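Remarks on the structure that follows.
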Amino acid sequence: MDMRRIVAVLAEEAEQQLHDHVWELSPHDHGLAREAEAGLRKAVGPPDVQEALPLKDRLEHLRETLAVLAICLARTHGRLAWLLAGGIEALEPVLRWRVLSPEGGGTFGTVPAHPEQYAEAEDAVRRLQEVLAQLSAMA
């Protein structure tokens with residue numbers, strides 16, 4: 001399953017839990033969702049902006065999204081933590097990507113990614129950002 005689809009499934013589950021009143025957002029959830037959404041928005045911009053960047057910068061921005069999610073995950077528990085962890089898991093392939101050539105040395109298992117994979121990951125981040133924006137707006 002690709003990153004976009006994984007995040008779409010996460011979004012559907014979150015929306016269903018909210019609709020069914022299984023997930024009642026706390027004030028802490030609202031604030032942390034707002035913080036995570038802002039961090040993702042800052043890291044990954046609109047498609048035209050991201051695609052104009054060198055691959056090295058795009059990879060850096062995607063890794064920054066993982067850091068934002070991990071920091072927020074460390075500060076919560078319950079359903080919001082599960083959603084954030086799912087987002088990290090969906091974006092896990094980014095951790096194996098590299099832009100630099102190995103220059104005769106090992107690569108620690110990293111691989112070059114195709115530009116389409118960058119776009120896929122960035123789209124997944126934007127969808128996750130939308131979900132977090134919805135959560136933060138439910139205050």
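With both labels modelled 7 Å from their Cα along Cα-to-Cβ, the ALA81 to GLU24 distance reads 2.0 nm.
Between the amide H of TRP97 and those of VAL111, distances stay under 5 Å, these residues lying 5 or more places away or on another chain, with hydrogens modeled in the peptide plane. How many percent of the accessible area of the chain is carbon or sulfur, using a 1.4 Å probe? Carbon and sulfur atoms account for 58 percent of the accessible area of the chain. Positive contributions from Lys and Arg (+1) and negative ones from Asp and Glu (-1), summed over other residues with Cβ under 13 Å from the Cβ of LEU80, come out at -2.
Ligands, DNA and RNA excluded, the heavy atoms of SER101 present near 70 Å² of accessible surface to a 1.4 Å solvent probe. Zone of LEU55 (label point 7 Å along Cα→Cβ, backbone N under 18 Å): which residues in region 88-115? Correct set: 93-115.
Counting only protein heavy atoms and a 1.4 Å probe, region 34-81 has 54 square angstrom of accessible area per residue. For region 16-45, list residues with backbone N below 19 Å from a point placed 7 Å from the Cα of GLU116 toward its Cβ? Answer for region 16-45: none. Give the shape of region 81-139 as rounded, prolate or oblate, defined through the alpha-carbon gyration tensor: a ≥ b ≥ c are the square roots of its eigenvalues, a/c under 1.5 means rounded, and otherwise the shape is prolate if a/b is larger than b/c and oblate if not. Prolate is the answer for region 81-139, as a/c is 1.5 or above and a/b outweighs b/c. If you look at the Cα atoms of the chain, you get an Rg and a Dmax of 15.7, 56 Å.
Of the trypsin sites (Lys or Arg not before Pro) found in region 30-139, those that fall in a DSSP loop while having at most 15 other beta-carbon atoms within 10 Å are ARG75. Computed from phi, the 3J(HN,Hα) profile of region 34-44 under the Karplus parametrisation 6.51, -1.76, 1.60 (θ = phi - 60°) reads 4, 5, 5, 4, 5, x, 5, 4, 5, 6, 10 Hz, with x in place of Gly and Pro.
Which FRET efficiency, nearest 0.05, do ALA137 and GLU64 yield, Cβ-Cβ r, R0 22 Å? Mind showing how you got there, number by number?
Numbers: r = 23 Å, r/R0 = 1.07.
Taking R0 as 22 Å, the efficiency between ALA137 and GLU64 is 0.40.
Candidates GLY109, HIS19, ALA133 compared by Cα position along the dipole of the chain: farthest toward the positive end lies GLY109, with charges placed on Cβ.
The values are calculated or read from the model by the stated rules, or taken from the named source; none is laboratory data. Every value quoted in this text rests on a predicted model; they were computed, and no experiment measured them. Because the Cβ atoms are built from the backbone with ideal geometry, glycine has one as well, and the counts that use them run over all protein chains shown. When the accessible area is computed, the model is the full protein with side chains, heavy atoms only, and any ligands, DNA or RNA have been set aside. Shrake-Rupley method; radii C 1.70, N 1.55, O 1.52, S 1.80 Å.
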